[in-house]
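Participant: Here's a structure for you.
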Amino acid sequence: MIGSTPRIQYATAADLDAVTALHAEARATYYRGHLPDEAFEGPEELARSRAGWATAIPAGRVLCAWDADGALTGIAAYGGHEKSGGVVTLSQLHVRPARWRGGVGTALHTACVTAWRAAGATGARLEVYEHNVRAQSFYAARGWVPDPVAPRAGDHLVLQLTLAPAAE
């Protein structure tokens with residue numbers, strides 16, 4: 001059901017394998033041809049990724065997008081703002097490539113912003129791979145701008161988003 005509004009909910013431990021697989025599939029689309037395959041799909045990297053998701057999911061900051069047929073179509077993960085002056089970090093936002101441009105990324109982004117505002121965050125930051133032009137365009141269309149103080153972190157661009165207070 002491409003184009004239908006996905007159901008967004010927080011991930012549970014039962015979602016770990018699906019989340020890990022979607023993460024690997026999405027990363028391959030922008031790293032392939034720029035990094036050695038082992039760097040994003042080798043056994044050590046896949047085990048490291050799975051362990052990271054196994055830690056992130058119980059923290060309650062991983063959102064999943066599900067289609068009407070119950071298939072996982074996107075994921076987003078973020079870190080708290082409590083120790084960073086009110087700025088939350090969007091560490092992952094991935095959409096299954098077959099679902100690009102179908103509203104999944106927008107739905108996940110909107111759910112993240114809603115959660116961040118409700119938690120009192122005043123801003124957000126993320127790092128996007130310098131060759132991932134598609135993602136850069138996605139974020140720019142949603143108001144993300146280059147960090148004026150530290151616009152790069154290695155081979156990633158650093159973007160920031162100012163959050164207006166939640167409407168009451």
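Each value in this text was obtained by applying a stated rule to the coordinates, not by laboratory testing. Please read all numbers here as calculations on a predicted model, not as lab measurements. In this analysis, Cβ positions are derived from the backbone assuming ideal geometry, glycine residues included, and neighbour counts consider all displayed protein chains.
Participant: At a Förster radius of 22 Å, what calculated FRET efficiency corresponds to the Cβ-Cβ distance of V145 and A51, to the nearest 0.05?
Facilitator: FRET efficiency, V145 to A51: 0.10.
Participant: Continuing with the same structure: Projected onto the charge dipole of the stretch 7-162 (+1 at Lys/Arg Cβ, -1 at Asp/Glu Cβ, origin at the Cα centre), which of P146, V62, P97 gives the Cα projection farthest towards the positive end?
Facilitator: Of the candidates, P146 comes out farthest on the positive side.
Participant: Also, I was wondering about something else. Evaluate 2.2 N^0.38 Å with N set to the residue count of the chain, then give the Cα radius of gyration divided by it. Don't skip to the answer; put the middle values down first.
Facilitator: Values: Rg = 15.5 Å, N = 168, 2.2 N^0.38 = 15.4 Å.
That works out to 1.00 for the chain.
Participant: Taking the simple approach of a point 7 Å from Cα along Cα-to-Cβ for both E130 and A164, what is their distance in nm?
Facilitator: Here the answer is 3.5 nm between the modelled labels.
Participant: Let me ask another. According to a simple spin-label model (label point 7 Å from Cα along Cα-to-Cβ), what is the distance in nm between D69 and E25?
Facilitator: 1.1
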